[in-house]
Amino acid sequence: MTEEIRATSYVGFDSITQQIEHKLLKRGFQFNVILVGQTGLGKSTLINTIFASHLIDSKGRFSADEPVRQTTEIQTESHVIVENGVKLRLNIVDTPGFADQVNNEGCWDPIIKYIKDQHSAYLRKELTAMRDRYIQDTRIHCCLYFISPTGHNLRPIDVIVMKKLSEVVNVVPVIAKADSLTLEERESFKSKIREELIYHNIRLYPFDTDEDEEEEIQLNETIREVIPFAVVGSENNVIIDGKSVRGRKTRWGVVNVEDPNHCEFVHLRNFLTRTHLQDLIETTAQIHYEAFRSKQLLALKEGVNQRPAAGTAQQ
Amino acid sequence: MPITGRRRNKVKGVQFTIMVVGASGTGRTTFVNTLCESDVLNHKAIQPPEAAHQEEGIRIKPVTVELEEDGIRISLTVVDTPGFGDSIDNEFAFQEIMNYIERQYDDILAEQSRIKRNPRFKDNRVHALLYFIPPSGHALREMDIELMRRLSPCVNVIPVIGKADSLTPKELKAFKKRIVEDIEHYDIPIYNFPYDVEEDDEDTIQDNMDLRSLLPFAVVGSEEEVEIEGEPVRARIYPWGVVEVDNPHHSDFVRLRGAILGSHLGDLKTLTEDVLYETYRTEKLSRAVNSDNRDSQLLPEDLANQSVRLKEEQLRREEEKLREIELKMQREINEKRQQLMAKEAALRNLESRITAQGSNTSY
């Protein structure tokens, strides 16, 4: 155990935090999120609502001339958002066509492949002899999985896909369009889902690690009690009590997206951006990427061992 | 073809069959229970977590209930299709539904061709199929297009938007418009309240035009009641407001109910019997006559025999099962009786021993 020493007079190295902050502010942060769910569950609207900006357009079919998609496509869009001098580089990956066909066998393969490809690309850049100072990070830090508000339970495809996704990326499940469920229906739906997630051993973010302090463990517990987040998104504003808030106006009332009594949007938004943003990025690197990396490097080593003639591993 | 709707309904105890199709969670079950004002169908059973990922496939279940609409008794058969759309590959489910509908036609065809007909033969033909579209707000999915397209030629398909309270009025209007455009684009012959400008009277034409403009019907169902101004109202209660099922501003439920159980019940039946069934019959018989492939072409008598044989076999199997159950019950009863007698004997034994000991001086 190293003893902590108190210097006899003020040195000033405590300013390192500001030095780091200064550097980081200049460099900016990278956050990559993938949206997975059937068409029409409000994926684009939700991400636009979370970041309070129109970032992506809905990829749904909006006209009879548009053909029905036959496979899952991967579409990435990049944006830079600045808030109080902090620059956030956002990559939003949409997956139109997922689970939209009559036969959805294998519709998750392009998604898993894409996520693994990003790990692969990063690894390659890391292993290059002359590598960039700061490797551009396209690894997916968070996967928002959209569950249809049936009110019953998870569908077979939800179970399979969430299981596969949780093995390669941080998965955060959300109940989309939660304004079609009454509060009672929501609660029973959520507890059913949680039961099923536990039964199928689907490991969801956040993970507790040994390093975590009491506070962090508590926070993670609170999050786990809310998951899956029952959300409603909206890019339109409505006036409630003289205030302009994001909401949905129907003939029987106005849904206030930002009201925690109406839906859990605020919880999700804070979770993703205000409390766990840094952790999402870190666990992607430290857990998912590391797992991928070790597997790849071990496989490489095997490959080299089986070919004694080969010099450097060139794969 | 003349609309005979209104006059035909004044017959007592009209038999009417509807089929409801839609993925679970689209509001199918609640709709039926709301329509019949009683728990006709059971909601998806609370399954243990192990079952969630198991694909059960589609189950087709008919249930009959007696209703009264506008003073007319209706014997309504509702055919539910739980499991539709829930599998990863849903191709099979489509086939099952088609087969069910065609089997009812086959049965009638066979029955009509018999020399000695059964006077109590029950006509199980489906008169209307309500297809529940999930409220995505976009346009139709492949699943929706395929289902409606494949089934419309053999049954009256009426598209319905389930759980319509998840859409704002603006979204709903745009959604309906796009669905109608898709239906036209893909040439899907749904039941669209047809009218004849020359033959029908103005009221009928207007009524049909109105109903056509409501397609697809946006429904909200509820089995719960709430008190609004002292009156019980079927509604869904949200933190931001209350959706009333029977309020035409909130949902098209009332109009839909009035149409299928009232004004257009006759028309739906007539179309099924005189057009859809006849088309099926003609096709089937002409295929039988031109028996180029010997594979599965059966003549009506064979059809009749086959159908009867199948039914008889089914009955026999069920009888056997019942007999087995009876036997089992008998055996259990006998066992229990023997156990009871043994216990009684033991008790009597004990009693006599106690009295015997009581007379002696011991403990």
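Tabulated data
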{"read-out": "Computed [θ] at 222 nm, deg cm²/dmol, the protein assembly as shown (DSSP H ≥ 4; -39,500 (n - 2.57); rounded to nearest 500)", "value": "-13000 deg cm²/dmol"}
{"read-out": "Ranked packing of B:312-319, B:134-141, most packed first, by mean Cβ within 10 Å", "value": "B:134-141, B:312-319"}
{"read-out": "Sequence-separation-based contact order of chain A, relative, with Cα cut under 8 Å and 6+ spacing, percent", "value": "15"}
{"read-out": "Value of Rg/Rh across chain B [Cα atoms, Kirkwood radius]", "value": "1.15"}
{"read-out": "Coarse-grained scattering of segment A:1-107 at q = 0.22, 0.24 Å⁻¹, given as base-10 log I(q)/I(0) from a Debye sum over alpha-carbon atoms", "value": "-1.17, -1.28"}
{"read-out": "About the Cα centre, charge dipole magnitude for the protein assembly as shown (Lys/Arg +1, Asp/Glu -1 at Cβ), debye", "value": "1320"}
{"read-out": "Relative contact order %, segment B:83-217, counting alpha carbon pairs below 8 Å whose residues are six or more apart", "value": "22"}
{"read-out": "Max mean-square fluctuation residue, GNM over chain A, Cα-Cα springs under 10 Å, options A:Gly303, A:Gly60, A:Gly247", "value": "A:Gly303"}
{"read-out": "Surface per residue (accessible, 1.4 Å probe) for segment B:14-300, Å²", "value": "45"}
{"read-out": "Gain in span if fully extended, B:Val197 to B:Arg323, counting 0.36 nm per residue against the direct Cα distance", "value": "39.3 nm"}
{"read-out": "Exposure of A:Lys164 as accessible area (Å², to 10), given a probe of 1.4 Å and all protein chains", "value": "90"}
{"read-out": "Solvent-accessible area buried by B and A, counting both chains, probe 1.4 angstrom, square angstrom", "value": "4500"}
{"read-out": "Sulfur and carbon atoms: percent of accessible area, chain A [1.4 Å]", "value": "50"}
{"read-out": "Efficiency of FRET between B:Glu335 and B:Ser359 - r from beta-carbon atoms, R0 51 angstrom, step 0.05", "value": "0.85"}
{"read-out": "Solvent-accessible surface (1.4 angstrom probe) belonging to A:Thr128, in square angstrom, nearest 10", "value": "70"}
{"read-out": "Normalised per residue, the volume of the convex hull around the Cα set of the protein assembly as shown (Å³)", "value": "385"}
{"read-out": "Among A:Tyr114, A:Tyr134, A:Tyr145: highest mean-square fluctuation, GNM of chain A, C-alpha pairs under 10 Å", "value": "A:Tyr134"}
{"read-out": "Rounded accessible area of B:Met341 (nearest 10 Å², 1.4 Å probe)", "value": "110"}
{"read-out": "Inter-probe distance in nm under a simple model that places probes 7 Å from Cα toward Cβ, at A:Asp117 and B:Arg114", "value": "6.3"}
{"read-out": "Using a Förster distance of 60 Å, the FRET efficiency for B:Ser213-A:Tyr134 (Cβ separation, nearest 0.05)", "value": "0.50"}
{"read-out": "GNM top mover of A:Leu165, A:Leu55, A:Leu88 - chain A, alpha-carbon springs below 10 Å", "value": "A:Leu88"}
{"read-out": "Residues in segment A:143-171 that, when all protein chains are in place, have 30 Å² or more less accessible area than the chain alone would give (probe 1.4 Å)", "value": "A:Thr150, A:His152, A:Asn153, A:Arg155, A:Pro156"}
{"read-out": "Normalised contact order of chain B, rounded percent, pairs of Cα under 8 Å and 6 or more residues apart", "value": "18"}
{"read-out": "Distance violations [Cα-Cα > 28 Å] among A:Lys177/B:Lys176; A:Lys116/A:Lys192; A:Lys125/A:Lys301", "value": "A:Lys116/A:Lys192"}
{"read-out": "Accessible carbon and sulfur surface of segment B:14-300 relative to its total accessible area, %, 1.4 Å", "value": "47"}
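The values are calculated or read from the model by the stated rules, or taken from the named source; none is laboratory data. Please read all numbers here as calculations on a predicted model, not as lab measurements. Note that we place each Cβ from the backbone using ideal geometry, even for glycine, and neighbour counts take in every protein chain shown. Ligands, DNA and RNA are excluded from the accessible area calculation, which covers all protein heavy atoms including side chains. Shrake-Rupley method; radii C 1.70, N 1.55, O 1.52, S 1.80 Å.
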